[in-house]
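Derivation of every value follows stated rules applied to the coordinates shown; laboratory data play no part. Values in this document were obtained by computation on a predicted structure and should not be read as measured data. Here the Cβ positions follow ideal geometry from the backbone for every residue, glycine too, while neighbour counts run over all protein chains shown.
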């Protein structure tokens, strides 16, 4: 079973490609959602995060509040690195355990790790191949603004904390350009999937 990393900057269309790969038979490991689970359900990790960032990130119930943590963690590269240094080892353990389980079941030929920070976290070194989804900044901005949830400033700040697309494209084994229609994206994704499967 191949272990594939699927990554792309915020608003690039990574989730759309991940859904397509899942439809075509890949097992999708959603690293970003696992990281959120660890953040809000793993008491050991929570203790480490509170020790690192202080009680300013807690709500009245003494739980980590997403917006307060985001405000601190996404203010600069140093703060994001400190948060990721706590969370990533838990995510990596989770990837390894899931991979072993899925391999044992023998129902999938591709184990796809869908993660925004494949390169930034060093996870690329644990993958057989990495697929990068890239898209023009104008289109990415439009998608994120349409989706809501982030202001333009928050989007640009997060963009600054992710590696530039050019760097990821140079390192990628496969690149999917998402600058056209939904059908174009399906066609591009299908070509890459056919080379992997």
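Net length available on complete extension from residue 109 to residue 136 is 6.6 nm, with 0.36 nm assigned per residue and the Cα-Cα distance removed.
Let's test the formula: R0 of 22 Å, r as the Cβ-Cβ distance of residue 75 and residue 167. What FRET efficiency results, to the nearest 0.05? Using R0 = 22 Å, I get an efficiency of 0.50. Per the Debye formula on identical point scatterers at the alpha carbon atoms of the stretch 1-57, with no solvent, log10 I(q)/I(0) at q = 0.26 Å⁻¹ is -1.02.
Against the main long axis of the alpha-carbon atoms of the chain, helix 43-53 sits at an angle near 70°. The ranking of 67, 19 by Cβ neighbour count inside 10 Å, starting from the fewest, reads 67, 19. Cβ crowding within 10 Å ranks 193, 129, 40 as 40, 129, 193, fewest other Cβ atoms first. Within the set [x] 33, 15, 14; [y] 41, 19, 15; [z] 29, 22, 14, the number that semi-axes √(5λ) of the Cα gyration tensor in Å takes when calculated for this structure is listed as [z]. Relative to the globular-protein estimate of 2.2 N^0.38 Å, the Cα radius of gyration of the stretch 115-197 stands at 1.18. Label-to-label distance, residue 43 versus residue 156, with points set 7 angstrom from Cα along the beta-carbon direction: 4.3 nm. Calculate, in whole percent, how much of the Cα-Cα pair population of the stretch 1-117 lies beyond 19 Å. Here the long-distance tail beyond 19 Å is 52 percent of all Cα pairs in the stretch 1-117. Taking Cα atoms, how many degrees apart are the long axis of helix 31-41 and the longest axis of the chain, rounded to 10 and kept between 0 and 90? Rounded to the nearest ten degrees, it is 30.
Here the contact order of the chain, divided by its residue count and restricted to Cα pairs under 8 Å and six or more residues apart, works out to 37 percent. Helix 77-105: angle to the longest alpha-carbon principal axis of the chain, degrees 0 to 90, nearest 10? In the chain, helix 77-105 runs at an angle near 50 degrees to the longest axis.
Considering helices alone, the calculated mean residue ellipticity of the chain at 222 nm is -18000 deg cm²/dmol, with DSSP H runs of length four and up weighted by -39500 (n - 2.57) and normalised per residue.
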